[in-house]
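Chemist: My questions all concern the structure below.
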Amino acid sequence: RKITLENLTIRVPGYGIAVFGAGTVIRNCTIITESGVGIWSFGGGAVIENNTITVRRNNRLAKTFLPTDAAIVLQDGHGSVVRNNVMRLESDGVGISLVGSDNVTMADNVTRNWIGQRSPVSVREFK
């Protein structure tokens, strides 16, 4: 199934966007969230581009599933593209977390206001 989300402004206390399915497109969105994840995409072939994502604080619920907060999480996102995103992290997190995803193209992403001591990109196998 293919889902396209474009030109949205989302301001929420919980997760910004969580989508399930291959071929998801998230483009030109502004996402401000008080939780640990701005965009969480499950499924391959996703395109996440030209978004501005702000993660304001740590969220203990996110740590149940992830080792840290993240602006973008790709889970089982084989063959996805993540490009031209601006990520503002006001928490100890990462910009992009790849979980069980391979052959992902990442280009021209910027992390700002990053206070974390972790790498801006996290890659791990999902077991």
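No lab work stands behind these numbers, since they all come straight from the coordinates. Remember, it's a predicted structure, so these values are computed and weren't measured experimentally. Note that each Cβ is placed from the backbone with ideal geometry, even for glycine, and that neighbours are counted across all protein chains shown.
Chemist: For a test of the definition: using alpha carbon positions, the gyration tensor, and the 1.5 limit on a/c, classify the stretch 70-113 as rounded, prolate or oblate.
Modeler: Values: a/c = 3.57, a/b = 1.53, b/c = 2.33.
In terms of gyration-tensor shape, oblate.
Chemist: Quickly work out the Val110-to-Lys2 label distance, labels modelled 7 Å from Cα along the C-beta direction, and quote it in nm with one decimal.
Modeler: 3.1
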